[in-house]
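The values are calculated or read from the model by the stated rules, or taken from the named source; none is laboratory data. The structure displayed is predicted, hence computed values, not measured ones. Cβ atoms come from the backbone with ideal geometry, glycine included; neighbour counts cover every protein chain shown. Each accessible area value is taken on the protein alone, full model and side chains, heavy atoms only, with ligands, DNA and RNA left out. Shrake-Rupley method; radii C 1.70, N 1.55, O 1.52, S 1.80 Å.
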Amino acid sequence: MMRTYAGHSTAKASNELYRRNLEKGQTGLSVAFDLPTQTGYDPDDELARGEVGKVGVPVSHRGDMAQLMDGIPLDAMNTSMTINATAAWLLALYIVAAEDQGVPEEKLQGTTQNDIIKEFLARGTYAFPPAPSMRLIADMIAYTVEHVPKWNPINICSYHLQEAGATPVQEIAYAMSNAIAVLDAARERVPAERLEQVFGRISFFVNAGVRFVEEHAKLRAMSILWEQLGRERYGVEDPRHLRFRYGVQVNSLGLTEAQPENNVQRIVLEALAVTLGRDARARAIQLPAWNEALGLPRPWDQQWSLRIQQVLAYETDILEYPDIFEGSNVMEALVEELLEGARAEMAVVAEHGGAVEAVPYMKAALVDSHRERLRKIESGEQVVVGQNRFTETEVSPLTTDAEGGILVVDPALEAQQIEDVRRWRSERDQSAVDESLAALAAAAGDDSAQENLMVATIAAARAGATTGEWSRTLREVFGSYHGPTGVGEAAAAAADADMSELQGEVSRLREKLGRRPKILVGKPGLDGHSNGAEQIAVRARDSGMDVVYEGIRLTPQQIAASALQEGVHVIGLSILSGSHRELIPAVIDALHDAGVTAPVVVGGIIPEQDVAALRKAGVAAVYTPKDFDITRIMRDIVALVGAGANGSSANGSA
């Protein structure tokens, strides 16, 4: 199965992109949704500001889904949807879109990611607390195994664990622990005789980094553990159901902004990890585009990634041979080493009460691992070509166009989406929507949890409810949730010369200020990729600064209020979703209205052509993925605060 992860701007524009990609030889769809859709907000919600259509396609109701799949025969298509907190809702919309095409739900094929534990750990697009989130997952599994038997209701997703810094051992252990939690929850919702079928419908979505020999060993280890779990814990006997079925997107964490053309060979090498050995070969592959560290890929960039897959499949001979690693002493030893480490780490997770209860432990462990990875890159111990070594370069012709080699979403499209969703609400049968949402609330609030929530969810989709209405109904029943940041629990950094020098600079600044310098690290909007923000917060803490970090999903007004209350000396904002042009000025305006005068620095995936506008809006410094030395960034911040030490702090007091 060959896919590219795609979706942007509007359902109509994304549908046109999908149909072009299918004409080019793509054999399945991989749908990227925008952040409001992923987290359960309509385009006109305050938290959706600046985020609509940026990292994927906005889907607010059945009309959007019908337009997204227009002209694509859903009885023949295999569709993967990267959707988690709102997975039940998007699957319901997909089922209704299929009905509109005359396709019964039992013919649908595809996958919903639907892995909420990973969202708490690494990606941040959760909507509800852990327990009701697990109920939604279990209900989806129970519904699909009965009514949509060709659908994979969940991808246990280790991909984002590696993006958050997981070592191969952690990626294996946390993914398998996650799978145990999901299967144990599903066991309570399905008849015992169906459990083996449920086990067979669980698939995985993994990462493959540039150390492709070790990555291949990781996949062989996961296959062994999965079969062992099936036989020993769940009594699965059918060899077909015991297969470790996985799809993959190769590593995006290792893609660089510096000399981005080097990302092409990285992507090819990473693809080898999941194709070379037949016994651990991926069933479906989607490759990132070379320019994802710069911004949103264009159709041409995605075509390049598709052609890489096609060359591997049709021009090379890697698919012609039996497993080329069979009998390899080196591979077998590496697999055994990974198995030993993963089993030990799984035991630690089990001691914490299982994956759901161990979320704070695993989150802190990932923050620590990611910090160690960055330390190696900063010191040069881990070489990244073009970034910390071999940095001399010619100007790349790939990035010299007016947009800097990326797709730029028209900001006016957000206003259009707001107008469209409001028109949809005004033209539907409101009484039918109200009735369906009341039934959903009743089912969700039933303490016995007897009713499968998919039934009420599909009814609400048919009635014309919106993504935000479905989510708000469940939030009112289930409550809200803020996941752990891992910052407070992360271990202190080992002392080295650079850290000691930074600590000295902070100490001198403290004497100048008369108190410890304080930084607020904030993530405005819906962007849940918090890995960079967490590392800045941890490095600031280790350097001797006071740190205010309240996690993800903050409004500009909330950030301004916190800055005022805490009396911070500097504010660091992190955005990776492309919404910086709208949200950063909004935060600065909110700070100004609150009387906060502390300087603002910004980090994230920010194209060079946007830097001047941010500076004009009042940003003191901008950092992007090419700025990998966090200690140097912290020195810049200390110097910035020091330069204004004779002025005022955030609330105007010294």
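Would you please name the chymotrypsin sites (Phe, Trp or Tyr not before Pro) within segment 545-652 that are DSSP coil residues with at most 13 other C-beta atoms within 10 Å of their C-beta? All intermediate terms of the calculation are to be shown ahead of the outcome.
Values: sites: Tyr549, Tyr623, Phe628; in loops: Phe628.
Qualifying residues, ordered by number: none.
Rounded if a/c is under 1.5, else prolate if a/b beats b/c, else oblate: with a ≥ b ≥ c from the C-alpha gyration tensor eigenvalues square-rooted, which is segment 113-232? Present the calculation step by step, with values, prior to reporting the outcome.
Details: a/c = 2.17, a/b = 1.40, b/c = 1.55.
It is oblate, given that a/c is not under 1.5 and a/b is not larger than b/c.
Pairs of Cα atoms in segment 504-606 fall into 10 Å distance bins, from 0 up to the last occupied one, in shares of 16, 49, 29, 6 percent.
Taking all protein chains into account, the per residue accessible area for the chain stands at 38 Å² (1.4 Å probe).
Grab the beta carbon distance between Ser328 and Met1, set R0 = 35 Å, and tell me the FRET efficiency rounded to 0.05.
E between Ser328 and Met1, to the nearest 0.05, is 0.80.
Identify the GluC sites (Glu not before Pro) of segment 144-206 meeting these criteria: DSSP loop state and at most 16 other C-beta atoms within 10 Å of the C-beta.
Working: sites: Glu146, Glu163, Glu171, Glu188, Glu193, Glu196; in loops: Glu188.
Answer in residue order: Glu188.
In plain terms, the chain from Ala643 to Arg211 could stretch by 151.2 nm, reckoned as 0.36 nm per residue minus the Cα-Cα distance. Think of the chain as having a plus end and a minus end, set by charges on the Cβ of Lys, Arg, Asp and Glu; of Val190, Val210, Gly50, Gly50 sits farthest toward the positive end of this dipole.
Given a Förster distance of 22 angstrom, what is the FRET efficiency for Glu435 paired with Lys12, based on the Cβ-Cβ distance and rounded to 0.05?
Numbers: r = 30 Å, r/R0 = 1.37.
Efficiency at R0 = 22 Å is approximately 0.15.
Here the dipole of segment 497-644 is about 260 debye; that uses its Cα centre as origin and unit charges on the Cβ of Lys and Arg (positive) and Asp and Glu (negative).
Distance between the modelled labels on Glu372 and Arg615, one decimal in nanometres: 4.0 nm (7 Å Cα→Cβ projection).
Available extension along the chain between Ala412 and Glu351 is 16.8 nm, counting 0.36 nm per residue and deducting the alpha carbon span.
Label separation (Asp446 vs Arg389): 6.1 nm, computed from points 7 Å beyond Cα along the C-beta direction. Ordering 633-645, 312-324, 461-473 by mean Cβ neighbour count within 10 Å, with the highest value first, yields 461-473, 633-645, 312-324.
About the centre of its Cα atoms, segment 562-646 shows a dipole size close to 180 debye [charges on the beta carbon of Lys, Arg (+1) and Asp, Glu (-1) only; nearest 20 debye].
Counting only protein heavy atoms, what percent of the accessible surface of the chain is carbon or sulfur at a 1.4 Å probe? Ligands and nucleic acids excluded, carbon and sulfur reach 51 percent.
Going by a ≥ b ≥ c, the root eigenvalues of the Cα gyration tensor, does segment 494-550 fall in the rounded group (a/c under 1.5), the prolate group (a/b larger than b/c) or the oblate group? Show your work: numbers first, answer last.
On the way: a/c = 3.89, a/b = 1.62, b/c = 2.40.
Oblate, because a/c is 1.5 or more while a/b does not exceed b/c.
Label sites at Arg422 and Tyr481, each approximated as a point 7 angstrom past Cα along Cα to Cβ, lie 3.3 nm apart. Stretching the chain fully between Asp627 and Asp401 yields a gain of 79.1 nm (0.36 nm per residue, less the alpha carbon separation).
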